[in-house]
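Only one structure is covered here, and it is reproduced in the block below.
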Amino acid sequence: MQIVTYNINGIKARIETLLTWLKEASPDVVAVQEIKSVDEGFPRERVEELGYRVETHGQKGFNGVAILSKLPLEDVTRGLPGDDTDEQARWIEATVIGDKQAVRLCGLYLPNGNPAPGPKYDYKLAWMARMEAHAKSLLAQEMPLVMAGDYNIIPQDEDATRPEVWHKDALALPTSREAFRRIVNLGFTEAFRSLTRGGGHYSFWDYQAGAWQKNDGIRIDHFLLSPEAADLLVECRIEKDARAKDKPSDHVPVWLTLDA
DNA sequence: ATGGCACAATACTTGTGA
């Protein structure tokens with residue numbers, strides 16, 4: 001089973017890019033972030049024509065997540081538990097029925113949190129505390145579990161070309177990294193890092209200031225695997241080339257292959 | 001101390017992102 005996480009930065013602006021990529025790459029499942037659309041505004045038929053089921057959790061203008069899948073989906077849920085007043089669409093879950101194994105997939109768009117300190121940073125930390133609590137309950141089910149998405153966390157300095165410019169940023173502050181590690185340390189495996197050491201691996205390059213041309217990037221799109229999912233881990237790779245194509249997102253797809 | 005860029009909204013500018 002191939003699962004991709006891909007922050008597309010707006011479905012209206014990215015639909016042709018997404019369709020071209022789906023046709024060529026043909027992943028089994030895609031966790032999509034930043035659709036920036038309500039559910040009714042998502043061009044679902046155009047994706048369904050390529051053989052994908054489409055489950056969205058959108059809102060007007062910002063955020064919004066989705067799961068696209070050629071494999072059957074069951075038990076789809078929307079929203080991160082823990083705060084009924086939270087109106088931001090950043091979490092969707094489904095069970096993917098693989099040929100050998102069912103996998104619980106969480107697609108997430110973790111808050112950016114800038115500027116820090118401030119209310120947006122407080123929201124980020126509160127959201128991560130809710131995610132930690134929810135992750136703990138999901139782990140207790142002792143099944144293959146994948147939490148895929150845009151974490152808006154640069155886990156270590158080696159995950160940025162210029163770590164020094166991020167040190168006071170919500171993506172890299174010690175408090176942010178600690179909150180990320182608290183989740184990982186519940187018993188998850190960070191898929192990419194478990195297979196690939198060292199720096200120079202990025203999933204985001206800003207549109208501004210020639211960041212792509214300078215390879216001025218950061219690695220913020222991640223997969224966390226439960227022990228049962230880590231047992232199935234085959235490969236995790238970053239599709240860097242996508243950033244050089246026509247009308248790209250500022251993020252590239254990150255691929256996970258499981259023996260499931 | 002901030003620019004640079006891209007996207008969405010009901011807009012001719014502003015908020016948001018990372």
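Counting only other residues whose beta carbon sits under 15 Å from that of A:Lys168, what net charge do I get with K and R as +1, D and E as -1?
After counting each charged neighbour, the total is +1.
Compute the FRET efficiency between A:Thr77 and A:Gln213 as 1/(1 + (r/R0)^6), taking r as their Cβ-Cβ distance and R0 = 35 Å, and round to the nearest 0.05.
0.30
Near A:Lys36, which lysines are there with a Cα under 25 Å away, not counting those fewer than 8 places off in the same chain?
A:Lys12, A:Lys23, A:Lys60, A:Lys70, A:Lys120, A:Lys124, A:Lys240, A:Lys245, A:Lys247
Would you mind putting A:20-26, A:150-156 in packing order, based on average other-beta-carbon counts within 10 Å, highest first?
A:150-156, A:20-26
Please give every one of the aspartates and glutamates within straight-line cross-link reach of A:Lys168, meaning a C-alpha to C-alpha distance under 13 Å, and leave out same-chain neighbours fewer than 8 residues apart.
Leaving aside aspartates and glutamates fewer than 8 places away in the same chain, those within reach of A:Lys168 are A:Asp157.
With +1 on each Lys and Arg Cβ and -1 on each Asp and Glu Cβ, how big is the dipole of the stretch A:1-144 about its Cα centre, in debye rounded to the nearest 20?
360 debye
Can you tell me the relative contact order of chain A? Whole percent, Cα pairs under 8 Å, sequence separation 6 or more.
19 percent
Filter the trypsin sites (Lys or Arg not before Pro) in the stretch A:82-133 down to the DSSP loop ones having no more than 12 other Cβ atoms within 10 Å, then list what survives.
Hits after loop and neighbour filter: A:Lys100.
Quote the FRET efficiency, to the nearest 0.05, computed for A:Arg162 versus A:Leu50 with a Förster distance R0 of 35 Å and r equal to the Cβ-Cβ distance.
Efficiency at R0 = 35 Å is approximately 0.35.
Rank the residues A:Met143, A:Met1 as a footprinting-exposure proxy: fewest other Cβ atoms within 10 Å of their Cβ go first.
A:Met143, A:Met1
Pull out the extension gain between A:Ala126 and A:Asp206, defined as 0.36 nm times the separation in residues minus the alpha carbon to alpha carbon distance; nm, one decimal.
Full extension from A:Ala126 to A:Asp206 adds 26.2 nm.
Report, in debye and to the nearest 20, how large the dipole of chain A comes out about its Cα centre when Lys and Arg carry +1 and Asp and Glu carry -1 on their Cβ.
520 debye
For every helix of n ≥ 4 consecutive DSSP H residues, a contribution of -39,500 (n - 2.57) applies; sum these over chain A, divide by its total residues, and give [θ] at 222 nm rounded to the nearest 500 deg cm²/dmol.
-7000 deg cm²/dmol
Express the relative contact order of the stretch A:48-179 as a whole percentage, based on alpha carbon pairs under 8 Å and six or more residues apart in sequence.
In percent, rounded to a whole number, it is 19.
Please get the size of the charge dipole for the stretch A:1-73, origin at its Cα centre, with Cβ charges of +1 on Lys and Arg and -1 on Asp and Glu, quoted in debye to the nearest 20.
140 debye
Quick note: the coordinates plus some simple rules give every number you see, no bench work behind them. These figures come from a predicted structure and were not determined experimentally. When we count neighbours, we look across all protein chains shown, and the Cβ atoms used for this are built from the backbone with ideal geometry, even at glycine.
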